[in-house]
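Here's the structure, in structure tokens; my notes come after.
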Amino acid sequence: MPRKTNMYLAAAATAAALLAGGCGGSGATGTARDAAVGSAGKAQVKSSTAGAQASPKALAAPVTTPTVDPGTLPQTNALPGDRDAQFRAGAQDLWQAIVQDKPDLARPFFFPLSAYQQIKAIWNPAEDYQDRLIAWYDLDIQAAHNYLGSAAAGARFVSMDVPESDAAWIEPGVEYNKGSYYRVYGTRLSYEVGGHEASIGVFSLISWRGEWYVVHLGPSMRSAMQGIVYNPWN
């Protein structure tokens, strides 16, 4: 995972402080329950349609992976939902990345680099993307895995719910943008362990062409290069 010298100066000090909101910000407030979790962190949780004569041709088409990078296409003003097949697949990818401690599994659910380059009016957005956003995302996934601890193997994904009514359309000129997107705080990733439901917060999602993507799993500003489990509920 890249950690360049100018990451703390240009990316952390400048980008993290200035790219507030969809790529960070004060719009969502962390709580005392936010936990920076190291290797010792542990989760504190208790543990065919009848009569139908359907032809094989009537079967639903499988979900396929887009062959075109969506970030290379123009933005739209379509407000995303959290019940479509692509979002559900992304949520499952994120969950599997957490329980397996494999951040790469959740990379498709992260905001695309090509789209980030379209919307951000900053010096070297690709460097900021890799050294700050992706680096934090990977660390936050690892922190969530450590938070679950031994419960990870038996934990079951329940849902990922987005408070769509709280979504805001961010205009160019805000958050050092040259493009626009929807941004939403307050998403919860819910899971179950031993019959007990718990959840962790997802700091912010932003939209691209009618789909939600994670841009910050943990808080958008932090004082050290470490993973943070955002606002866990047990």
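Each reported figure results from applying straightforward, stated rules to the coordinates on display, with no laboratory input. This one's a predicted model, so the numbers in the text were calculated from it and none came from an experiment. Reconstructed Cβ throughout: ideal geometry from the backbone, glycine too, with neighbour counts over all protein chains shown.
Sort segment 74-234 into rounded, prolate or oblate with this rule: let a ≥ b ≥ c be the square roots of the eigenvalues of the Cα gyration tensor; rounded if a/c is under 1.5, and if a/c is not under 1.5, prolate when a/b is larger than b/c, oblate otherwise.
Taking the square roots of the gyration eigenvalues as a ≥ b ≥ c, segment 74-234 is prolate.
Can you sort Ile200, Ile122, Ile98 from fewest to most other Cβ atoms within 10 Å of each residue's own Cβ?
Numbers: Ile200 26, Ile122 21, Ile98 29.
The order, fewest Cβ neighbours first, is Ile122, Ile200, Ile98.
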